[in-house]
Amino acid sequence: LLFTLAGYKYIKSSTLHILVVEMPALESLMLGEKTAVVFDIGTVYTKCGFAGETGPRFIIPTAITLPTGEKKSISSCDGKDENRDFLKTFLYNIYYRYLLVNPKDRRVVVVESILRPSSFKEVLADVFFNHFEAPSVLFAASHLMALFTLGISSAIVLDCGYIDAQVLPVYEGYTLLNAWQSAQLGSKRIHENIKCYLKENAKLMDVVNGESHLSPCSDSFVSEHIIEDIKVRTCFISPRNRAIQW
């Protein structure tokens, strides 16, 4: 389905049509004089970089700092106007502080979840076209892009995010949406469990006049930053042989 936004025409298609449209488009972007900028905007973290590279250049929090010094995340935005203001500031920081490129010279590839609301995509396209004047914007389903990097066309893709985990089978480049499954088992649930364990079992050691004292873990200590650090350093699946050694 083609529709026009402020003089620009772009494609709004279902996931089933994305493979047909996007695979040749991605190849053309890579072969151009200037490679496309790739964005993967998540609930907590955003990955950004350039097409054709082996990995993202930067992985940064999906948040901005307000003039008051307060941190604002994309999940706290309510409505199109707030999303638009947030994306303008957030994408400006990525372009000029991290990637150091002119947005007018770079095509854009947005890797997105199949559950992303259409209203958010429309606001994002509006910001890219009308604010940053990007030459083109391509929305690519994350499940299909996972197969594109491996050079295969059929697989069961598991996408573990912050809010939930999604399982979607892909056969010969077509997503089988009728077999899609989701569970509220993402990083957020891990954060909640770690926080609960710390409150119940952790003790803080205070040293007063050379003597150590143990006190219950306070809410101020159990911050998202500390929980994230614990999760990244300790919560992972290890091979059995390595687990036996430890």
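Summary of computed values
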read-out: Residue within the stretch 77-93 that is of a type in the set (Ser, Thr, Tyr), more than 21 Å from residue 61 (Cα to Cα) and touching a strand residue (DSSP E or B) at 6+ places or on another chain (Cβ under 7 Å) present; value: no
read-out: The listed residue being in contact (Cβ under 8 Å) with a residue 40 or more places away in the chain and acidic (Asp, Glu), out of 229, 159; value: 159
read-out: Residue check for residue 150: hydrophobic (A, V, I, L, M, F, W, C) and touching a helix residue (DSSP H, G or I) at 6+ places or on another chain (Cβ under 7 Å); value: no
read-out: Matching entry among 134, 125 (being touching a residue at least 24 places away in the same chain (Cβ under 8 Å), assigned to a loop (DSSP other than H, G, I, E, B) and among the aliphatic types (A, V, I, L, M)); value: 134
read-out: Within the stretch 34-68, tally of residues that are closer than 18 Å to residue 149 by Cα and part of a loop (DSSP other than H, G, I, E, B); value: 9
read-out: Check on residue 173, surrounded by 12 or more Cβ atoms within 10 Å (Cβ to Cβ), of a type outside the set (Ser, Thr, Tyr) and either out of contact with any helix residue (DSSP H, G or I) (no Cβ under 6 Å at 6 or more places or on another chain) or without any contact (Cβ under 8 Å) to a residue 12 or more places away in the chain (or both); value: no
read-out: Segments classed as strands (runs of 3 or more DSSP E), wholly inside the stretch 169-246, with at least 2 members that are modelled with pLDDT under 75; value: 203-208, 211-216
read-out: Subset of the stretch 96-122 (residues that are part of a helix (DSSP H, G or I) and within 18 Å of residue 80 (Cα to Cα)); value: 118, 119, 120, 121, 122
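The values are calculated or read from the model by the stated rules, or taken from the named source; none is laboratory data. No experiment lies behind these values; they were computed from the predicted model shown. Methodologically, a virtual Cβ is constructed for each residue, glycine included, from the backbone with ideal geometry; neighbour enumeration extends over all protein chains shown.
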